[in-house]
Each structure stands twice: as structure tokens, then as C-alpha cells.
1. Which numbered condition in (1) touching an Asp or Glu at 6+ places or on another chain (Cβ under 7 Å); (2) within 11 Å of chain A (Cβ to nearest Cβ) is the only one that B:I88 fails?
2. Of the conditions (1) over 18 Å from the mean Cα position of the chain (by Cα); (2) modelled with pLDDT under 85, A:A101 fails just one. Which one is it?
3. Of the residues in segment A:60-73, how many are touching a residue at least 24 places away in the same chain (Cβ under 8 Å), assigned to a helix (DSSP H, G or I) and within 11 Å of chain D (Cβ to nearest Cβ)?
4. Restricting the search to segment A:74-85, which residues are more than 9 Å from chain D (Cβ to nearest Cβ) and either touching a Lys or Arg at 6+ places or on another chain (Cβ under 9 Å) or aliphatic (A, V, I, L, M) (or both)?
5. Restricting to segment D:1-35, name every residue that is farther than 18 Å from D:T91 by Cβ, among the polar types (S, T, N, Q) and buried (at least 20 other Cβ atoms within 10 Å of the Cβ).
6. Determine which member of the set C:W120, C:W84 is at pLDDT below 95 and surrounded by fewer than 21 Cβ atoms within 10 Å (Cβ to Cβ).
7. Among the numbered conditions (1) under 25 Å from C:L53 (Cα atoms); (2) within 14 Å of chain C (Cβ to nearest Cβ), tell me where D:S116 comes up short.
8. Give segment B:24-47 a look and list any residue that's at pLDDT 90 or above and either under 19 Å from the mean Cα position of the chain (by Cα) or within 14 Å of C:A8 (Cα to Cα) (or both), or say none.
Number of protein chains: 4
Amino acid sequence: MNKNRLEAFSDGVLAIIITIMVLEIKVPHGTEWKALQPLLPVFLSYVLSFLYLGIYWNNHHHMLHSTNRVNGYVLWANLHLLFWLSLIPFTTGWMGENSFAPAATALYGIVLLFCSIAYWTLEQTIIRKNGKDSLLAKAIGYDLKGKISPLLYLTGIALSFWSSLAANGVYVFVALMWLIPDKRIERVYELQEKGN
Amino acid sequence: MNKNRLEAFSDGVLAIIITIMVLEIKVPHGTEWKALQPLLPVFLSYVLSFLYLGIYWNNHHHMLHSTNRVNGYVLWANLHLLFWLSLIPFTTGWMGENSFAPAATALYGIVLLFCSIAYWTLEQTIIRKNGKDSLLAKAIGYDLKGKISPLLYLTGIALSFWSSLAANGVYVFVALMWLIPDKRIERVYELQEKGN
Amino acid sequence: MNKNRLEAFSDGVLAIIITIMVLEIKVPHGTEWKALQPLLPVFLSYVLSFLYLGIYWNNHHHMLHSTNRVNGYVLWANLHLLFWLSLIPFTTGWMGENSFAPAATALYGIVLLFCSIAYWTLEQTIIRKNGKDSLLAKAIGYDLKGKISPLLYLTGIALSFWSSLAANGVYVFVALMWLIPDKRIERVYELQEKGN
Amino acid sequence: MNKNRLEAFSDGVLAIIITIMVLEIKVPHGTEWKALQPLLPVFLSYVLSFLYLGIYWNNHHHMLHSTNRVNGYVLWANLHLLFWLSLIPFTTGWMGENSFAPAATALYGIVLLFCSIAYWTLEQTIIRKNGKDSLLAKAIGYDLKGKISPLLYLTGIALSFWSSLAANGVYVFVALMWLIPDKRIERVYELQEKGN
């Protein structure tokens with residue numbers, strides 16, 4: 001039951017974050033198509049952030065699905081993750097409204113970096129509670145993606161002062177990398193079905 | 001359980017989208033009744049969008065009710081639908097504040113078109129996972145409404161450059177078409193009750 | 001299950017409506033206590049609307065608790081209620097920012113009137129589905145409060161052109177009338193416990 | 001079931017409050033790092049309020065976890081708590097945008113004080129319903145933290161006119177005091193496990 005309410009609260013916060021971002025796409029005053037033109041970078045950064053929040057929701061969902069026990073540390077590690085994710089609408093807005101300016105692009109990457117660190121911390125906190133032989137621990141295994149992502153964000157942040165296009169290319173690449181269905185997760189379900 | 005969290009997250013996002021739209025009806029500065037007059041188109045477009053989001057929530061509810069299994073593809077097809085639905089407050093705001101100007105009316109229809117395509121994609125993804133003999137597949141059958149709607153939206157989009165009133169008439173017509181209780185859904189429940 | 005998702009969606013929408021209203025209390029620019037003074041009518045109208053939405057949530061909760069079956073008509077009657085409730089943040093904002101001006105006070109009452117009609121419609125739709133011998137039908141009985149409330153709102157609307165203080169007094173009276181614990185509801189629980 | 005919907009609604013409201021606060025961190029117009037500088041107090045007050053709402057969610061979660069029965073008084077005591085919590089985004093915004101000005105810092109503490117009183121009222125209302133021998137009553141015991149917190153808030157409010165730094169120091173101290181894992185709660189779970 002504990003776990004269910006953790007899921008419900010996280011779903012609520014993620015649903016609001018993902019939807020609040022759309023408020024940054026301010027309704028333009030003009031009535032012509034060209035009034036939409038300055039909104040293009042705002043829209044593109046919205047799409048990217050929607051993708052990221054979708055990935056986080058998806059992975060969070062799978063992670064908790066293969067979790068049995070939660071404790072106070074898990075609750076706080078989860079709130080810590082939600083804190084960093086809650087900053088995404090702000091960085092998305094700043095990056096979009098300034099057409100991917102260097103500082104805004106770097107800040108976007110910095111928040112993504114902290115999100116990935118917070119996600120990793122949550123994962124480790126859950127594994128510590130559930131044991132190294134737990135389904136989650138087995139399913140995650142070596143976690144290559146989880147280890148590469150922070151390095152790629154760092155690369156993106158560094159690149160943003162040279163070319164914000166290149167930096168955003170890196171952010172898009174990380175998102176696509178996570179979009180590819182994860183064999184680890186399927187392994188979890190297989191293990192679970194065998195167990196039952 | 002998987003499915004329950006998908007429903008919960010979708011409900012959350014839909015609830016927020018439907019309620020955020022009301023923020024577009026900006027509180028007027030005047031204290032007289034006539035201060036409300038410029039809000040009439042904003043209000044009318046709010047009513048239309050509320051109706052559409054209500055229909056989507058209703059149909060989404062029924063679709064998942066007759067679904068047994070979900071997988072990663074279903075989760076993403078669902079997020080894809082939520083993405084297009086999340087743009088409705090923006091297009092509603094633009095259309096309302098510009099008193100149904102042609103471009104705004106066309107964009108409103110374009111987003112509705114993508115919503116209907118995304119809904120159809122989600123439906124097909126669920127059927128692919130649950131099999132052609134599944135309850136959902138049988139219940140949907142030929143899906144006339146689902147096939148006509150995109151064509152009607154296209155008609156509306158084309159009409160908006162000639163008469164935005166006519167275009168909005170088409171959008172209202174599609175909404176009313178979906179409001180009529182669906183015999184297919186009742187068939188699902190009957191099939192289910194027989195099955196149990 | 002059907003009913004659970006109806007509850008979850010309604011809770012989501014009500015939670016958002018109740019919280020979005022606080023956004024109307026705009027952060028003032030001054031740093032002194034007197035900067036808060038113009039916010040007093042905004043705050044008072046927030047308290048009143050919070051109370052009303054709390055009452056609606058509470059009664060909605062009890063009504064669905066004693067409901068067994070829902071159908072398409074119930075879903076739409078529920079969305080109809082949520083539509084009118086979703087206009088409360090707007091009318092609250094208009095009334096608050098204009099220090100209870102006559103037109104704003106009247107509009108506030110008009111929306112409350114439609115909310116009460118929509119609630120009554122939902123109640124009747126649920127009773128029609130569950131039968132006149134259902135727990136809900138028995139528990140509601142003659143429903144004096146539900147019948148008096150619309151009349152009181154009408155009185156408030158009429159009064160607002162003469163004295164907005166008197167009108168708001170009526171709105172406060174109706175709220176307090178509903179705050180008093182309802183014997184009918186307790187009767188439902190007693191009936192239920194006997195039944196089980 | 002009653003209790004579940006109370007939890008779900010509270011989670012919804014808390015999730016929205018926590019996320020709406022981020023809207024107070026307005027996207028700056030500059031594209032340089034220094035454009036972020038005026039946002040520092042806004043960000044710091046966001047962190048503090050996020051922490052407080054996280055603590056309230058956590059404690060609320062634990063309190064209801066060890067609750068069996070709820071009634072109308074509990075529902076209203078809960079709404080009363082949500083009311084005061086809903087004012088936190090406003091006080092956070094005022095304090096942040098005015099760089100911790102005395103009046104804003106005092107108001108921030110005043111709302112925290114009312115939140116703590118409302119929490120205590122909810123706790124007592126639940127205990128009255130569930131009995132003095134209930135799990136919750138035993139687990140809470142003397143409740144030193146709950147009794148010290150209001151006194152500390154009062155100290156903070158008084159200090160804010162002399163030094164808003166000192167006042168905020170007190171608010172941070174109370175937050176950290178609550179962050180330390182609560183032995184009482186662990187005791188509840190132990191008692192529960194023995195009971196089952």
C-alpha cells in the first residue's frame with residue numbers, strides 16, 4: 001500500500017510537470033500563421049522535455065513495478081528525483097524563449113544531469129532496501145545506459161558554449177537511446193512470471 | 001497493475017489539461033457585464049474543447065476497461081496521444097482570443113486531427129498486443145466513427161480559410177457524433193458479462 | 001472498476017480546480033504588510049470557494065460511495081458537473097479582484113446555481129441507474145437542502161444588484177448549511193452495515 | 001475505500017501545490033547566466049517549501065497508513081490542512097521575489113504555523129475516531145516534535161523583524177528536525193507486523 005501511494009503521488013507530480021510545460025507556450029497575439037513562427041523553438045524544447053518526462057515516467061513505472069518494499073529513504077530519494085524533474089518546465093521555458101542560447105542550453109543539460117543522478121540514487125536506495133538478489137537488482141545488472149547518460153549530459157553541457165545545436169543533438173541522442181525498448185525490463189517480467 | 005498506473009497517469013494528465021484551459025479565460029479588468037463580452041469566443045472554444053477532452057477521457061476509459069495486457073509500445077502510444085491532447089489548451093486559447101480567426105481555426109482542427117490519429121494508433125497497438133479475438137477488437141469492429149473523424153477534421157481545416165463558422169460547425173458535428181452513446185461499448189460489456 | 005476511475009478523475013479535476021484558484025492571489029510587488037491589503041477581498045473569495053469545492057468533493061465522495069453501478073449517462077452527468085465547477089476559479093477571481101462588485105457577485109451566484117443543478121442532475125442519473133430502492137435513493141430521501149439551495153442562490157443573485165454584502169451573506173449561509181454533518185449520509189452507512 | 005479516496009485527493013492537491021510553486025520561478029528575459037542571479041532567493045525559497053511539502057506528504061502518508069476509520073470530521077480536518085498548505089506557493093512567491101523581506105518572512109512563518117496547527121488538529125481528529133488504544137495514538141505518543149514546531153515558528157516570526165536570515169534559519173532547522181527518520185513511525189510498522 002505504501003508503494004501504491006508513492007506511485008500515485010509520483011504520477012500526480014509527473015502528470016502536472018508534463019502538462020504545466022505547455023503553459024510556457026504562450027498564446028501569440030497575432031492571428032496569422034507567421035505569429036506562430038517565434039514559438040518554434042519553444043515548441044521544439046517542449047517536445048524534447050515531454051519525451052524526457054515520458055521516459056522518466058516509463059522507467060519509474062518499471063522500477064517500482066519490480067519493487068516490493070519501500071521505506072523512508074526510498075520516499076525521500078523519490079522526492080529528490082521529483083524536485084529535479086520539477087525544474088524541467090523552467091529550463092525548458094528559458095531554453096525555448098531564448099532560441100537555444102548557450103547558457104540556457106547548458107542549464108537545461110545541468111538539470112538533466114541532476115535528474116539522472118537523482119534517478120540513480122533512487123535506484124540504489126531501492127536495491128539497498130530490497131537486497132542484491134531482488135528482481136530489480138538482477139534486472140538492472142550492469143546498467144550501461146544509466147552510467148553513460150551522465151557522461152553524455154556533461155558532454156552536452158560543455159558543447160553548449162561552442163554550439164548549442166551540437167549540445168541539443170546530444171540531449172536528443174540520450175532521449176532516443178532510452179526510447180529503445182529495454183531488454184532488461186522484459187527480463188524482469190520473464191523472471192517474475194517464472195517466479196509466480 | 002501495469003494497466004492501472006497507465007490509467008491513473010492518463011487520468012491525471014487529462015484532468016490537468018481540461019482544467020488548465022480555464023486559465024485561458026483571463027479575469028477581465030472591468031466590473032460591468034459588458035467586460036465579459038470579449039470573453040464570449042474564449043468561453044465558446046472552452047466549451048468545445050471541454051467536450052472533446054470529455055469524449056477522449058470517456059473513450060480512453062472504455063478502451064482500457066476492455067484491455068487486459070499492456071506493454072512498452074502501449075505506454076508510448078498512450079504518451080503520444082497525451083502529447084497531442086496537451087496542445088489543445090494552446091490551440092483553444094489562440095482560437096478563442098482571436099475570435100475564431102482562420103489560421104487559429106485551422107490549427108485547432110490540425111491538432112484534433114493528430115489527436116484522432118494518435119488515438120487510432122493507440123487502439124491498434126492495444127489490439128496487436130491483445131489479439132484479434134480480444135474483447136476490444138470485437139467491440140470496435142469496423143470502427144466507422146474512427147475512420148470518418150479524420151476526414152471530417154480535414155474538411156474542417158480546409159473550410160476554415162473560407163468560413164471559420166463552417167469549420168467550427170464541422171468540429172461541433174464530430175463532437176456530437178461521438179457524444180451519442182456507443183452501441184459497440186455496450187456490446188463489450190455484454191460480451192464480458194457472458195464471459196464471466 | 002468503472003466507478004473507481006470516475007472517482008479518480010473527479011478527484012483529480014477537483015484537486016486541480018481547488019489549487020488553481022490560489023494562482024489568482026497574485027504575489028504583490030510591495031514588501032510591506034500594506035501590500036497585502038488589496039488582496040483581502042481576493043483572499044476572502046478564495047476561502048468561500050475553497051469551502052464550496054470542499055463541500056462538493058465531500059458530497060460527491062459520499063454519493064459515489066453509496067453507488068454500485070455507473071453507465072455512460074452517469075459519466076457525462078459527472079463531466080457536466082465538473083464543467084460548472086471548473087468555472088469557479090474564474091468567477092472567484094473576478095469577484096475578488098473587483099472587491100465584490102455587483103455583476104461579479106451575481107455571476108458568482110449564477111455559476112453556483114448551475115453547479116447545484118448539475119449536481120442534482122448527476123444524483124438523479126445515478127438513482128435512475130441504481131433503482132429507487134437503492135441505498136442512495138433511500139439515503140437522499142426528500143433532499144430538502146438540495147431543493148432549497150438553488151432558490152437561495154437565486155435570492156443571492158437578485159440581492160447582488162442591491163447589496164453585494166447581502167448576496168455574499170446568502171452564499172456563506174448556503175455553505176454553512178451544507179457544512180453541518182448530514183444525517184442522511186450516516187443513515188446510508190448504517191443501512192450498508194446492516195446489509196453486510 | 002473511504003480512506004483511499006481521502007489519500008488520493010490529498011495526494012492530488014499536494015502534488016499540484018508542490019508543482020505550482022515552480023511557476024513562481026518566472027523565466028527570465030536575459031540569455032546570460034547573470035539573468036539567473038535575481039532568481040536565487042526565489043529558488044532558495046522554492047527549495048525550502050518543497051522540503052516542507054515533502055515532509056507534510058510523508059507524515060500525512062504515515063499518519064493515514066496507521067489509520068483504520070475516517071468520518072466527516074476527519075474529511076474536514078484534512079481539507080482544513082490542505083487549505084493552509086495551499087497558501088504556501090503564495091507566501092513562497094512573496095518571500096522569494098522580495099529577497100526575504102521582513103514582512104514576507106513573517107507571513108511565511110505564519111502560514112507554516114497554521115499548517116502545523118491544522119496538522120495537529122487532523123491528528124487529534126483521527127485519534128478521537130480510532131480510539132486512544134489505536135496504532136496511531138500509540139505511535140505518536142508524547143509527540144515532542146509536534147509540540148515544539150509551533151513554538152519554533154513563533155520564534156521565527158518574531159525574529160523576522162530583527163533578522164530575516166535568523167528567521168529563515170529557524171524555518172530550516174524545523175524542516176531538518178522533521179527530516180530525521182522518525183522512530184515512532186518504525187514503531188508503528190513493527191506493531192502492525194506483530195498484529196498481523
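The values are calculated or read from the model by the stated rules, or taken from the named source; none is laboratory data. None of these values were measured; they are calculated from a predicted model. Please note: Cβ atoms are built from the backbone with ideal geometry, for glycine as well, and neighbour counts cover all protein chains shown.
1. Going through the list (1) touching an Asp or Glu at 6+ places or on another chain (Cβ under 7 Å); (2) within 11 Å of chain A (Cβ to nearest Cβ), B:I88 breaks only (1).
2. (2)
3. Total meeting the criteria: 1.
4. A:V74, A:A77, A:L81, A:L85
5. D:S10
6. C:W120 is the lone residue from the list that is at pLDDT below 95 and surrounded by fewer than 21 Cβ atoms within 10 Å (Cβ to Cβ).
7. The one condition D:S116 does not meet is (2).
8. B:V42, B:F43, B:L44, B:S45, B:Y46, B:V47
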